[in-house]
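First the structure, in the form of structure tokens, and then the observations on it.
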């Protein structure tokens, strides 16, 4: 047996997305899980290319330098032979000793935290993993589609309770027309917050109050001064412009887009995204019932508390609460209604009738 | 406003019912779930009044006809207007009642409109559900005119055969419907009955229902 110089060049594919961060130095010490049939003093140079597109077009270049000390026995000697091999590992890196990793990352997206911290923006992949962690699952029992749906419900409910997503849109008017279907121009509309015409804010009304103002409100030409919104989708304006091209500047509370792919991020602010995990845990536990659901109810209460807190923040941003529509104040909701005790009927008033008592045995 | 698909909503719920599709569902069927969705849409329409429609073709006035069938899917009227013609202007109507009309005109059921006495009021009491009356009764000059009705309506398009699968509501209404459907499916008598899950889903559905009522209810 004698020493030889072997050079191995490997191309590895990491199994997980690397968290972006500027100039993050990482140092790791690993212990090989297998015996290496190579000699002492083998320099190994590896180049790793991530298999997934880094989020926000982040380019990652990783160089790994290894120094290995063989633990096995070399049975074959080839003095002075240079070996070059290109490997494609099927697993994440698990065999390295004294590995030094150096990363150069240039994120094109926003960086939410200081250098060296994990980014605040949570993607579907992150959120799903967090849900599975809490539920002690790996996607087998609570499927990815199931968890994704729960996250979507969570985001929509959060937006409904807080009006966190607010958008302004130029709503085109037709001359002489009083009634409009909002969804024909705004697909993600929830409620109007502020509507203006030529820079002048419109007064919100109902059909009833417009009737009191002018019962011919449907056929009164002039610049728009009042509007109403009835039901999900009906918009009425009074008076109606008679000529030219006219728009309403329509600020409204919006619904979020559905999360679809693994690299999608919720539209709600990054710091609020952690609450979606709470709701999703509760939703997934619905099919369990019992103690599992009882524990998850605490997550639901925490989600609702966070929504309530953030609702106050959103409203306080509008001085004097000058929105035309305000979200419902959920601070008055009795959250104890979500609780139940094991063995007792919950507050749905569902009771199992007691079995009749057996007749007493007569004394012989 | 998103157009939801009841088949998609049901597909979202199969994992909660320990199934992957209607094929391996044991304790609840696709038709049952569809029925729950349809029922809660009607409850939403009746309790909140969030489906507001405009019909401007169904009611065509006839000379001497006092009472007319309301448009399909009618719950109640918010505003009624006689649409303009080439010769006649738009005629907005006021809501009234038979008690008021009796005091106004003993012959309110037969007095006909004229150029000097146009149709001014509509009413809906003491004539049965889904009916609308006009005072004065349309005369010859109003024959052929159309009454535009802004109304609360209710959706009634879902069926077990899924001939129509669309639900025209914001997406979060679909979530509220799903919570109620979970409640119905888990509270019904079966081996899969989960009363605590049913009650938990119902509690959140009730809270969201109040929110929906505040935002889109008749008080708005």
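FYI, it's all coordinate maths here, none of it is from the lab. Fair warning: this is a prediction, and the values are worked out from it, not measured in the lab. Cβ coordinates were reconstructed from backbone atoms using ideal geometry, including for glycine residues, and neighbour counts include every protein chain displayed.
Here are the numbers for the structure shown:
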quantity: FRET efficiency for residue A:196 and residue A:339, using Cβ-Cβ distance with R0 set to 60 Å, rounded to 0.05; calculated: 0.85
quantity: Inter-chain Cβ neighbour average for residues A:155-167, partner chain, 10 Å; calculated: 3
quantity: Pairs of alpha carbons in the range A:231-277 whose separation is greater than 11 Å (percent); calculated: 82
quantity: Inter-probe distance in nm under a simple model that places probes 7 Å from Cα toward Cβ, at residue B:120 and residue A:184; calculated: 3.4
quantity: Crossing angle, helix B:30-48 versus chain B [Cα axis fit, 0-90 degrees, rounded to tens]; calculated: 40
quantity: Theoretical gain in end-to-end length, residue B:87 to residue B:192 [0.36 nm per residue, Cα-Cα removed]; calculated: 31.2 nm
quantity: In degrees, nearest ten, helix B:171-187 long axis to first principal axis of chain B (Cα); calculated: 60
quantity: Residue A:270-residue A:301 FRET efficiency (beta carbon distance; Förster radius 25 Å; 0.05 resolution); calculated: 0.65
quantity: Angle between chain B longest axis and helix B:195-216 axis [Cα atoms, degrees, rounded to 10]; calculated: 30
quantity: For the range A:127-262, diffusion coefficient by Stokes-Einstein and Kirkwood Rh (Cα), 37 °C, 0.692 mPa s, µm²/s; calculated: 190
quantity: Alpha carbon Rg of the range B:1-46, scaled by the compact-globule rule 2.2 N^0.38 Å; calculated: 1.22
quantity: Peptide-level mean, for B:171-178, of C-beta atoms on other protein chains within 10 Å; calculated: 6
quantity: Most mobile listed residue (B:61, B:104, B:194) in chain B, GNM with C-alpha springs under 10 Å; calculated: B:104
quantity: Shielding by partners - mean other protein chain Cβ count within 10 Å, residues of B:162-170; calculated: 2
